[in-house]
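Accompanying notes for the structure given below.
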Amino acid sequence: QVQLVESGGGLVQAGGSLRLSCAASGRTFSSYAVGWFRQAPEKEREFVARISRSGGSTYYADSMKGRFTISRDNAKNTVYLQMNSLKPEDTAVYYCAARASGIVVVAPTAYDYWGQGTQVTVSS
């Protein structure tokens with residue numbers, strides 16, 4: 001069982017940066033791959049990025065490549081999402097999710113545990 005808590009969201013101007021954190025409980029956090037997703041109003045939940053259990057492998061949605069960076073610190077049971085060059089279309093609730101399997105998947109339904117989300121608002 002893993003419990004996830006996101007933080008770091010807020011209001012930022014276009015072109016700005018934010019770093020989201022996903023803090024996990026449980027001693028086996030390093031056994032889980034972690035993904036970040038986002039959901040804007042009236043839109044489906046969208047894959048953002050994913051990091052492997054060791055942190056050695058990452059995968060991004062095409063629209064986030066070069067702007068977002070996912071990383072993790074297993075000693076701190078935390079995964080981060082550094083977001084740069086933010087755009088108004090990045091406005092959404094951002095969620096982290098954990099998955100026990102090491103296979104790279106982007107479908108939200110494949111993830112077993114979810115946080116409550118953190119709001120990111122980018123003003124133009």
Find the eigenvalues of the gyration tensor of the Cα atoms of the range 33-124, then list the square roots of 5 times those eigenvalues as equivalent ellipsoid semi-axes, largest first, in whole angstrom. 21, 15, 12
Calculate the length of the line joining the C-alpha centroid of the range 48-124 to that of the range 12-38, in whole Å. 6 Å
Of Gln3, Ala40, Ser57, farthest towards positive along the dipole that unit charges on Lys, Arg, Asp, Glu beta carbons give the range 1-86: Ser57
Whole-Hz Karplus ³J(HN,Hα) for the range 102-115, in order, using 6.51 cos²θ - 1.76 cosθ + 1.60 and θ = phi - 60°, x for Gly and Pro? x, 6, 6, 9, 10, 6, x, 5, 7, 9, 8, 10, 10, x
Relative contact order (percent) for the chain, with alpha-carbon contacts under 8 angstrom and 6 or more residues of separation? 36 percent
Using DSSP to define loop residues, name the trypsin sites (Lys or Arg not before Pro) in the range 60-124 whose beta-carbon has at most 14 other beta-carbon atoms within 10 Å. Lys65
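Quick one: pull the percent of accessible area on the chain belonging to carbon and sulfur, 1.4 Å probe, ligands and nucleic acids left out. Please list the in-between numbers first.
Details: 2950 of 6270 Å².
Carbon and sulfur atoms account for 47 percent of the accessible area of the chain.
The values are calculated or read from the model by the stated rules, or taken from the named source; none is laboratory data. It should be emphasised that the depicted structure is a prediction, and the values quoted were computed from it without experimental measurement. Note that we place each Cβ from the backbone using ideal geometry, even for glycine, and neighbour counts take in every protein chain shown. Keep in mind that these areas ignore ligands, DNA and RNA; they rest on the heavy atoms of the full protein, side chains included. Shrake-Rupley method; radii C 1.70, N 1.55, O 1.52, S 1.80 Å.
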